[in-house]
Amino acid sequence: MYAFDYHKPRSLAEATALLNANPEARLLAGGMTLIPTLKQRLASPSDLVDLGGLPDLAGIFVGDGEVRIGAMTTHATVAHSAEVRAALPALAALAEGIGDPQVRHRGTIGGSISNADPAADYPAGVVGLGATVVTDRREIAADNFFTGMFETALEPGEIVRQVRFPIPEAAGYAKFPNPASRYAVAGVFVARAAGGVRVAVTGAGPSVFRVPEMEAALTASFTPEAIASVLVDADDLNTDLHATAAYRAHLVGVMAARAVTSALES
Amino acid sequence: MIDTVTVMFSVNGNDVSAAVEPRTLLVTFLREHLGLTGTHIGCDTSQCGACVVHLDGRSVKSCTMLAVQADGQAVTTIEGLGTPEKLHPMQAAFNENHGLQCGFCTPGMIMSAVDFAQGNPSPTPHEVREWLEGNICRCTGYHNIVASVEAGARAMAKA
Ligand SMILES: Cc1cc2nc3c(=O)[nH]c(=O)nc-3n(C[C@H](O)[C@H](O)[C@H](O)COP(=O)(O)OP(=O)(O)OC[C@H]3O[C@@H](n4cnc5c(N)ncnc54)[C@H](O)[C@@H]3O)c2cc1C
Ligand code: FES
Ligand code: FES
């Protein structure tokens, strides 16, 4: 690991000031992605700004038709929250399926969405539920937040504070996990709400994406059968050592049907 | 010039205060600064779990944390669990059920299992296997590890 300076700010304003003063600084949340990256010398920040000293950034609030989750809330906290399990069980299940218990004890929702790994689980939940990402300076709609592979709409020095999920009528998530890491080879989040049906896919393409043909079919009939004939084009999907694009396209259909079944059971 | 940072935390019940470079991993601090070599390093990818310790009672991978991140908290390692004369019930269960062969994964397995058993006194084999997702063993084939964790959890509930 390259050397860096370490700061643990006690306020959001202090964190912002540190980021502004050090253009090569990086935020540290759970560290479950950033620290392995530093160990492999794939990043060399001048400074780490640890968000661990800002308890206001962690916590769950359920009310006013939404579930609000603070950026520093760990995957384990979301998975075990009685409130999230009651209001949005699909999101609790998504969090429970991330990595392993030790990863879930440290990894955070803010770190996961800011990192925007193409195979991460939370992006599917954020886009599938049409959530809003609240930062230190603005609110960003889910559809505008993920802009590419490991890319988001976040500006330099911008800090995610919270994610606000509208509570749907029904929702489900299903993924085909990589057997070693549990990252999604393909994962599909489906939600039915007053505004319509949303289908968001992670793991299969360079970044999370929606499937309008499935959304239309599920709006007409919210059943697994309704999407059985919808084919996903493999052209834009990923091929790597885990799966070909054609196999991923097939998996998207299978996972979408399982997600709908799970939504109907919840 | 990188400044060192002073960290203060407890390790196995003893207060520790030290000036560390920010890049020092918790596992490096435990092994090389404190000589607590029971915590192992088995991978570079945060996947094997040989390095699992408890931070305020919850299992974490000490290879994927900076020592400075443990400031103000309580760290427990395998050395803090039991002694050769008086094994912790989970250690005794691994011994009795032949839950190890080479033993490299064992400290991490036991630290992970103790965290699990605290919240689940009578787990099913399936629950044990789900929980051990983050602990890799290259010898045993897991069968006896699962049996050990089941027995250890029951013994902990009685202790
Ligand atoms: C073995 C293993 C298995 C895993 N399996 C899965 C899996 O199955 N599914 C999955 O989705 N993920 C998986 N992960 C990743 C895990 O969920 C990480 O916790 C997550 O991707 C990053 O969150 P973090 O809090 O650890 O962030 P960090 O590693 O601390 O930070 C990640 C990035 O986000 C930035 N950042 C952090 N917080 C903020 C913020 N509030 N505002 C702006 N930028 C911020 C950091 O600067 C950094 O660039 C796995 C990780 C490991 C090690
Ligand atoms: S050494 Fe492998 S997970 Fe920590
Ligand atoms: S006993 Fe050898 S790695 Fe598990």
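The values are calculated or read from the model by the stated rules, or taken from the named source; none is laboratory data. Keep in mind that this is a model prediction, so the values were computed, not measured. No Cβ is skipped: glycine too gets one built from the backbone with ideal geometry, and neighbour counts run over all protein chains shown. Areas reflect the complete protein model, heavy atoms only, side chains present, ligands, DNA and RNA absent. Shrake-Rupley method; radii C 1.70, N 1.55, O 1.52, S 1.80 Å.
General remarks:
- In segment A:1-55, the residues that are touching a Gly at 6+ places or on another chain (Cβ under 7 Å) and among the charged types (D, E, K, R): A:Lys8, A:Arg10
- So B:Arg138, is it more than 30 Å from B:Ala18 (Cα to Cα) and part of a helix (DSSP H, G or I): no
- Segment B:41-98, residues that are hydroxyl-bearing (Ser, Thr, Tyr), without any contact (Cβ under 8 Å) to a residue 40 or more places away in the chain and more than 10 Å from every other protein chain (Cβ to nearest Cβ): B:Thr83
- Taking strands (runs of 3 or more DSSP E) as the structural unit, those lying wholly within segment B:27-103 and holding at least 1 residues that are within 16 Å of ligand 1 (Cβ to nearest atom) correspond to B:52-55, B:58-61.
- The single residue among A:Ala186, A:Ala204 that is of a type outside the set (S, T, N, Q), outside the structural domain of A:Leu27 (by TED's automatic domain parsing), outside any strand (DSSP E or B) and open to solvent by less than 30 Å² (accessible area, probe 1.4 Å) turns out to be A:Ala204.
- A:Arg182 being away from ligand 2 (no atom under 16 Å from the Cβ) and under 22 Å from the mean Cα position of the chain (by Cα): no
- In segment A:40-142, counting only strands (runs of 3 or more DSSP E) that sit wholly within it, the ones holding 3 or more residues that are of a type outside the set (Lys, Arg) and over 24 Å from A:Val199 (Cβ atoms) span A:47-50, A:60-63.
- When A:Ala43 is tested against (1) more than 11 Å from every other protein chain (Cβ to nearest Cβ); (2) under 30 Å from A:Ser262 (Cα atoms); (3) in contact with a strand residue (DSSP E or B) (Cβ under 9 Å, 6 or more places away or on another chain), exactly one condition is not met: (2).
- Annotation note: Cβ proximity below 7 Å between a residue of segment A:147-159 that is free of Cβ contacts under 8 Å to residues at least 60 places away in the same chain and a residue that is among the polar types (S, T, N, Q) and loosely packed, with under 15 Cβ neighbours inside 10 Å (sequence gap 6+ or interchain) occurs for A:Ala153/A:Asn144; A:Ala153/A:Thr147.
- When A:Gly148 is tested against (1) under 25 Å from A:Gly31 (Cβ atoms); (2) surrounded by fewer than 24 Cβ atoms within 10 Å (Cβ to Cβ); (3) within 14 Å of ligand 1 (Cβ to nearest atom), only condition (3) is not met.
- Subset of segment A:105-120 [closer than 17 Å to A:Phe209 by Cβ and either out of contact with any strand residue (DSSP E or B) (no Cβ under 6 Å at 6 or more places or on another chain) or free of Cβ contacts under 8 Å to residues at least 24 places away in the same chain (or both)]: A:Ile113, A:Asp117, A:Pro118, A:Ala120
- Here segment A:189-201 is the region considered, the condition is being among the small types (Gly, Ala, Ser) and open to solvent by 10 Å² or more (accessible area, probe 1.4 Å), and the residue that is farthest from ligand 1 (Cβ to nearest atom) is A:Ala194.
- Residue check, A:Thr73 polar (S, T, N, Q), away from every other protein chain (no Cβ under 13 Å) and either within 28 Å of B:Trp131 (Cα to Cα) or surrounded by fewer than 20 Cβ atoms within 10 Å (Cβ to Cβ) (or both): yes
- Boolean, B:Asn12 is open to solvent by 30 Å² or more (accessible area, probe 1.4 Å) and either within 10 Å of chain A (Cβ to nearest Cβ) or free of Cβ contacts under 8 Å to residues at least 12 places away in the same chain (or both): no
- Taken over segment B:22-43, the criterion of being surrounded by fewer than 18 Cβ atoms within 10 Å (Cβ to Cβ) and over 14 Å from B:Ser62 (Cβ atoms) is satisfied by B:Gly35 alone.
- Some residue of segment A:38-45 being open to solvent by less than 70 Å² (accessible area, probe 1.4 Å) and in contact (Cβ under 8 Å) with a residue 40 or more places away in the chain: yes
- Residue identified as touching a strand residue (DSSP E or B) at 6+ places or on another chain (Cβ under 7 Å), surrounded by 17 or more Cβ atoms within 10 Å (Cβ to Cβ) and at pLDDT 95 or above among B:Ala67, B:Ala74, B:Ala93: B:Ala67
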